[in-house]
1. Please determine, in degrees from 0 to 90 and to the nearest 10, the orientation of helix 373-382 with respect to the longest principal axis defined by the Cα atoms of the chain, where the helix direction is its Cα long axis.
2. Between the range 401-425 and the range 533-558, what is the separation of their alpha carbon centroids in Å?
3. What residue among 387, 320, 339 has its Cα farthest toward the positive end of the dipole of the range 296-392, where the charges are +1 on Lys, Arg and -1 on Asp, Glu, each on the Cβ?
4. Where does each of 363, 506, 177 land when they are ranked from fewest to most other beta-carbon atoms within 10 angstrom?
5. Starting from the amide H of residue 363, placed 1.01 Å from N in the peptide plane, find each other amide H under 5 Å away whose residue is 5 or more places distant or on another chain.
6. Using 20 Å as the Cα-Cα cut-off, could you pick out the over-long pairs in 60/113; 60/567; 141/188?
7. Can you list the residues, at least 5 places off or on another chain, whose amide H is less than 5 Å from the amide H of residue 520, using H built in the peptide plane?
8. Starting at the first residue of the range 106-116, write each ³J(HN,Hα) from the Karplus equation 6.51 cos²θ - 1.76 cosθ + 1.60 with θ = phi - 60°, in whole Hz, x for Gly and Pro.
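Read-outs: derived from the displayed coordinates by stated rules, not from any lab. All values derive from a computational prediction rather than experimental measurement. No Cβ is skipped: glycine too gets one built from the backbone with ideal geometry, and neighbour counts run over all protein chains shown.
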Amino acid sequence: MLAKALTLCCLMALALPTLAEEGWWRSAQFYQIYPRSFKDSDGNGVGDLQGITQQLAYLKEIGITATWLSPIFTSPMADFGYDVANFYEIDPVFGTMSDFEALVQKANQMNIKIILDFVPNHSSDECDWFIRSAAGEEEYKDFYVWHTGKVVNGIRQPPNNWISVFRGSQWTWHEGRQAYYLHQFHAKQPDLNYRNPKVVEAMKDVLRFWLRKGVYGFRIDAVPHVFEVEADVNGNWPDEPRNQYVSDPEDYAYLDHIYTTNQPETIELVYDFRQVLEEIDQELGGDDRILLTEAYAPLDVLMQYYGNDTRKGSQIPFNFELLANVHYDSNAFDYAQLIHNWLDNMPAGQVANWVLGNHDQSRIGSRLGADRIDAANMLLLMLPGISVTYQGEELGMLDVFISWEDTVDPQACQSNEQEFERLTRDPVRTPFQWSDEANAGFTSGPTTWLPISKDYKLVNVKRERGIALSHLNVYKQLRALRDEPTMKDGDVTVKPIGPTVLAFKRSLPGHKSYIVVWNLNDDVETVILDSVFIDLTSELRYVVVTNKSIRRKNDLTYANSVLLMPKEVIVLSTV
């Protein structure tokens with residue numbers, strides 16, 4: 001009996017800030033849409049804005065508060081929109097400005113807020129700003145980071161050893177300018193120079209433009225890369241030190257990026273961006289505009305994104321603890337520790353968020369195992385605060401194998417046939433599976449920009465709507481629970497019961513308590529819950545069950561003997 005393992009367990013409880021009269025986002029459900037792959041309205045095999053508008057009812061069905069769209073701005077698509085040529089225009093592949101305005105209008109009518117992906121670190125090399133900078137025009141000369149390099153044995157070389165996220169040097173020679181330009185990512189993504197105040201103001205103007213178009217905020221991409229260490233008095237930057245666990249000198253992980261990521265000025269820039277949102281809040285009124293920041297960084301750095309005693313920062317610095325650090329063999333202690341890494345370090349009065357998938361990381365079912373999809377969504381939706389779902393995770397979509405010949409992701413294409421599978425992001429970006437019709441109902445056309453998963457006849461919205469305990473319907477039940485006062489305002493107590501069972505309780509005086517219990521084991525387990533949590537009623541009710549359960553919703557069980565099937569996860573409530 002797992003109760004015998006209690007001496008090995010740690011009980012961790014946290015009182016959470018009350019949400020009374022707080023911003024809409026503090027208990028919101030966010031949903032990431034990768035527009036190329038969500039819904040195609042015109043049959044060309046690529047998703048678009050009209051397709052998103054057509055499917056807003058689906059977002060409402062699954063209880064989404066706000067959806068953030070991966071980049072839709074004009075782009076040559078060297079990195080599928082993360083190389084922006086014009087920050088003020090919609091790329092024709094996705095539609096027109098009128099299409100965007102119609103999307104915002106309908107979303108607002110349905111009380112769904114639109115959040116845009118904002119890429120501040122770089123533009124496309126086809127951006128007018130870069131073209132003018134490369135030509136040496138005075139107004140734009142220092143909009144980007146340029147250096148003439150160094151001459152070694154008569155050969156001109158890049159100014160230092162910095163390596164791009166996409167492999168190879170971060171420096172590319174420009175014949176017209178007769179200088180190297182910096183690009184932390186693709187060579188077609190030159191880094192903007194945020195030590196130039198004109199760049200900062202130009203990007204603030206971009207934020208103002210879209211906020212006045214009716215968006216409710218931005219997910220800021222690749223924030224840690226925005227600043228590099230300041231150059232020395234001679235205009236030079238130091239080499240970055242070597243990492244010891246990678247031998248390929250072209251690989252990004254070959255170096256420790258202490259001079260090109262997580263510089264202190266980056267945090268201040270986020271505060272500056274937040275101030276723009278505050279100004280627009282005053283100008284336009286209505287609900288708060290928000291920032292979501294993407295940063296893979298140490299926890300002490302991430303917590304600074306929230307703000308400090310004098311300045312406000314990002315309302316939602318993405319919490320990647322569970323996304324980046326759990327794997328199929330992670331145990332209950334691992335999960336509990338990662339949950340509390342965030343909760344215990346979060347500044348007072350701030351709100352946690354939970355992210356288990358995105359367009360850059362392997363899907364939940366492929367990363368953790370298909371038998372853990374419901375459990376992952378229970379963590380996402382039952383832990384306190386904000387949930388962020390990547391499109392398709394509510395269905396249990398899996399990674400799709402895409403051959404080297406069919407790979408289009410530039411991060412993988414710049415590697416080789418032996419390395420591409422480690423780097424490619426294509427498998428998580430395949431088209432959304434709407435039905436068992438041709439091409440999964442994603443498009444009326446004959447082809448799709450990436451292959452459709454072979455399992456689409458089994459894993460799709462239409463089919464899962466009709467199966468009581470499908471991943472989709474379990475997700476919808478969990479989402480409905482989030483409206484309960486306990487889920488919005490309650491405390492959380494996290495309890496690993498030995499290495500094989502994770503449990504946590506949400507509680508609020510005067511209201512039902514909810515207990516999530518997850519058996520990570522391949523064997524049947526029996527848990528004595530009233531020895532784990534105090535103040536439980538002797539009887540407990542099954543509130544959410546899955547297809548691994550032998551009990552039904554609304555069945556009763558006893559707190560002193562809760563039976564769990566292998567890999568089963570359940571939600572119980574006090575009676």
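1. 90 degrees
2. 45 Å
3. Result: 387.
4. Lowest count first: 177, 363, 506.
5. Here 399 satisfy the definition.
6. 60/567
7. Under 5 Å from the amide H of residue 520 lie the amide H atoms of 501, 502, each far enough along the sequence or on another chain.
8. 5, 4, 4, 4, 9, 6, 10, 8, 9, 10, 9
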